[in-house]
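Read the figures in this text as sums done on the coordinates, not as results from a lab. If you're wondering where the values come from, they're calculated on a predicted model, not measured in any experiment. Neighbour counts are summed over all protein chains in view; Cβ atoms, including those assigned to glycine, are modelled from backbone coordinates with ideal geometry.
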Amino acid sequence: MNTINIEDIDLNNALFHFTAKDNLKSIEEKGLIAQIGDASKMVNDKPRVCLSRGGKGILGIKNSFIHIFKNLRICDIPEEYRKYFTITDFSDTSQVSPQLLYDAMERRFKDEIYLKVDAKEGIDFLKEEIYGIGSDYDIKGKEGHNISPNKLSVVTTPAGNSSLCIIQYIYNRMLEKNPGKENVIRNMNSDLSEMLDYINLKSKISMRDIVSKALNDGINIEDIQNLDRENSNIRDMEEFTKDE
């Protein structure tokens, strides 16, 4: 299957579909099969290929997804999502804590990819089945209608091709392109924003711990900086030779 760099995609109008990485081989052979997927089961949907329009659609659907989980009790977590949670007792009737949820969704999003889908209105989906409050970001494909592999491309970013990489790229790009509207963007995607802030903070704490351990073990901070510069030079050389 072809890949496409997210920087070459029209993030206002392109259509996307997310799926587990493990499904890619089957999708390359059969395309997207209309079915009731893991996420669709939570909203009692019909067998379809569900799509989202543009970057706002990707963020909006993920935000809604996190919001739904925030309101679940531990015992209500769907079976297919339980492997992402560090929980041993799923009979617990207490609500899922934000930290457990964000860690689980980080694992889940790293386990997913996004496909750009060259779907056509009237062929793959109907205009009257486009949803979304004040927008057309949530698109329900025709019931029972499959989408062939030749309409699909795996989306990649400079950081990788996981759903998490794509979400972070779109979110950060949206913030950068809309100075002065950061709070509006955060409020529109409040649950997703909280999760991304949590992931960023966790990453900074982890790096601080690594540096602290290195110093305690007698490693000079300058050695770490020099090693980082050497790795950067190697990466630059690899990119140079790749272009040649």
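Structural remarks
- In this simple spin-label model, placing a label point 7 Å from the Cα along the Cα-to-Cβ direction at both Ile9 and Asn172 gives a separation of 1.6 nm.
- Between Glu80 and Lys181, the simple label model (points 7 Å from Cα in the Cβ direction) yields a spacing of 3.5 nm.
- Computed from the Cβ-Cβ distance with R0 of 25 Å, the FRET efficiency linking Glu121 to Glu28 stands at 0.50.
- Equivalent ellipsoid of the range 3-206: semi-axes from √(5λ) of the C-alpha gyration tensor, largest first, are 26, 22, 17 Å.
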